[in-house]
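Reading through the structure tokens given below for one structure.
The values are calculated or read from the model by the stated rules, or taken from the named source; none is laboratory data. Remember, it's a predicted structure, so these values are computed and weren't measured experimentally. Every residue, glycine as well, gets a Cβ built from its backbone with ideal geometry; the counts of neighbours run over all protein chains shown.
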Amino acid sequence: MIRSALALGFVLALGAGPATAQSTPGAPPPPATAPAAAADAGALDGKALYRTKTCIACHGRDGSRAIQNFPELAGQDARYMLAQTNEIADGKRVSGPDARGYPRTQGMKDVMHLVSVEERAAITDYLSKLPAPKPRPLDPPIDEARKAAGKDAYLKGGCITCHGPEGNKPLAAHPYLGGMKRDYLVLQTKEIRDGVRKSPKLAAMMPFARKLDDEKILLIADYLSQIERPAR
């Protein structure tokens, strides 16, 4: 997901019944639900929000030039991205430490109070409609034999079940993996396998990830990272 693979969750909200629908005079309005946020997102400028809410600092201009080992978000599934941003904001998605010893998700969590649920929906909708970035060349490049071996490991590992052929036809609200950064794919898969990355819906991926050793994870990541994602 890996940011791989990777696996996901929606914020569910229960509607109030007739007896609780009335609000107390002077009380603050209830928080927006996820469906309401998606409905309201169309009135907001996702591009402007992406550039002014600090997203661009790590994920790059238009989500295509991410720095360090952050993911590139252009062309990614909107529902998956919204679920992940909400989980990070709520502290439900936790990652391993960076070089300084801080959880890698902490920096994003610390600024999420600046971004409302409706704004997150507008940003992720904007990003999902952008063309996916071209695969980053590997150094040294991999040969056709390694690509074939990576594809074989991807198929036998069961990754295709949720992410589709070549990681480009995922189930609803699952991430596209084709063309993602190799090192990011490796990191996220290992953290999911090892129980370091925590998120409500990762249970579905655990049986598959636990069967992958480090070499197979790298093999699959090499293969996926060089797949060009077709325009949608």
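Has segment 116-128 got at least one residue that is outside any helix (DSSP H, G or I) and of a type outside the set (Gly, Ala, Ser)? Walk me through how you get there before you give the answer.
First pass over segment 116-128, keeping only residues outside any helix (DSSP H, G or I): 116.
Applying the additional criterion that residues be of a type outside the set (Gly, Ala, Ser) yields none.
No, segment 116-128 contains no residue that is outside any helix (DSSP H, G or I) and of a type outside the set (Gly, Ala, Ser).
Out of the residues in segment 17-75 that are hydroxyl-bearing (Ser, Thr, Tyr) and at pLDDT 70 or above, state the one that is surrounded by the fewest Cβ atoms within 10 Å (Cβ to Cβ).
Of the residues in segment 17-75, the ones hydroxyl-bearing (Ser, Thr, Tyr) are 20, 23-24, 33, 50, 52, 54, 64.
Filter once more, keeping what is at pLDDT 70 or above: 50, 52, 54, 64.
Details: Tyr50: 24, Thr52: 13, Thr54: 15, Ser64: 17.
Here the answer is Thr52.
Output the residues belonging to segment 67-89 that are over 18 Å from Asp110 (Cα atoms), among the polar types (S, T, N, Q) and over 8 Å from the mean Cα position of the chain (by Cα).
Answer for segment 67-89, where residues must be over 18 Å from Asp110 (Cα atoms), among the polar types (S, T, N, Q) and over 8 Å from the mean Cα position of the chain (by Cα): Gln68, Asn69.
Go through segment 182-232 and give me each residue that's among the polar types (S, T, N, Q) and part of a loop (DSSP other than H, G, I, E, B).
Residues of segment 182-232 that are among the polar types (S, T, N, Q), as a first pass: 188-189, 199, 225-226.
Within segment 182-232, Ser199, Gln226 meet the criteria.
Go over the candidates Arg193, Arg182, Arg197, Arg136 one by one and state the one that is more than 18 Å from Pro71 (Cα to Cα), touching a Lys or Arg at 6+ places or on another chain (Cβ under 8 Å) and not assigned by TED's automatic domain parsing to the domain that holds Thr52.
Working: Arg182 fails: more than 18 Å from Pro71 (Cα to Cα); Arg197 fails: more than 18 Å from Pro71 (Cα to Cα); Arg136 fails: more than 18 Å from Pro71 (Cα to Cα).
Selected residue: Arg193, the only one of Arg193, Arg182, Arg197, Arg136 that is more than 18 Å from Pro71 (Cα to Cα), touching a Lys or Arg at 6+ places or on another chain (Cβ under 8 Å) and not assigned by TED's automatic domain parsing to the domain that holds Thr52.
Considering only residues that are of a type in the set (Gly, Ala, Ser) and farther than 23 Å from His174 by Cβ, look in segment 84-116 and name the one that is surrounded by the most Cβ atoms within 10 Å (Cβ to Cβ).
Of segment 84-116, the ones of a type in the set (Gly, Ala, Ser) are 89, 91, 95-96, 99, 101, 107, 116.
In the following step, the residues that additionally are farther than 23 Å from His174 by Cβ were identified as 99, 101, 107, 116.
Working: Ala99: 7, Gly101: 6, Gly107: 15, Ser116: 17.
Ranking the candidates gives Ser116 first.
Could you check segment 110-133 and list, in sequence order, the residues that are modelled with pLDDT of 95 or more and farther than 20 Å from Lys181 by Cα? Break it down stepwise before answering.
So in segment 110-133, the residues modelled with pLDDT of 95 or more come out as 115-133.
Residues satisfying the conditions are Val115, Ser116, Val117, Glu118, Glu119, Arg120, Ala121, Ala122, Ile123, Asp125, Tyr126.
Restricting to segment 93-109, and then to whatever is more than 20 Å from the chain's Cα centre (by Cα) and not basic (Lys, Arg), can you tell me which residue is modelled with the lowest pLDDT?
First, the residues of segment 93-109 that are more than 20 Å from the chain's Cα centre (by Cα): 99-101.
Within this subset, residues satisfying the condition of being not basic (Lys, Arg) are 99, 101.
Values: Ala99: 87, Gly101: 90.
So, considering only residues that are more than 20 Å from the chain's Cα centre (by Cα) and not basic (Lys, Arg), the one modelled with the lowest pLDDT is Ala99.
When you scan segment 51-66, how many residues do you find that are part of a helix (DSSP H, G or I) and either under 20 Å from Arg104 (Cβ atoms) or not assigned by TED's automatic domain parsing to the domain that holds Ala121 (or both)?
First, the residues of segment 51-66 that are part of a helix (DSSP H, G or I): 51-52, 55-59, 61-63.
Still in the list and also either under 20 Å from Arg104 (Cβ atoms) or not assigned by TED's automatic domain parsing to the domain that holds Ala121 (or both): 55-59, 63.
Matching residues across segment 51-66 total 6.
Considering only residues that are surrounded by 18 or more Cβ atoms within 10 Å (Cβ to Cβ) and in a loop (DSSP other than H, G, I, E, B), which ones fall in segment 155-172? Steps first, please.
First, the residues of segment 155-172 that are surrounded by 18 or more Cβ atoms within 10 Å (Cβ to Cβ): 157, 159, 162-163, 166-168, 170.
Passing the criteria: Gly157, Cys159, Asn168, Pro170.
Got a sec? Which of Ala231, Ala209 is small (Gly, Ala, Ser) and more than 17 Å from Leu127 (Cβ to Cβ)?
Ala209 is the lone residue from the list that is small (Gly, Ala, Ser) and more than 17 Å from Leu127 (Cβ to Cβ).
Within segment 119-145, count every residue that is among the charged types (D, E, K, R) and surrounded by fewer than 16 Cβ atoms within 10 Å (Cβ to Cβ).
As a first pass, look at segment 119-145 and keep what is among the charged types (D, E, K, R): 119-120, 125, 129, 134, 136, 139, 143-144.
Retained after the next criterion (residues that are surrounded by fewer than 16 Cβ atoms within 10 Å (Cβ to Cβ)): 129, 134, 136, 139, 143-144.
Number satisfying all stated conditions: 6.
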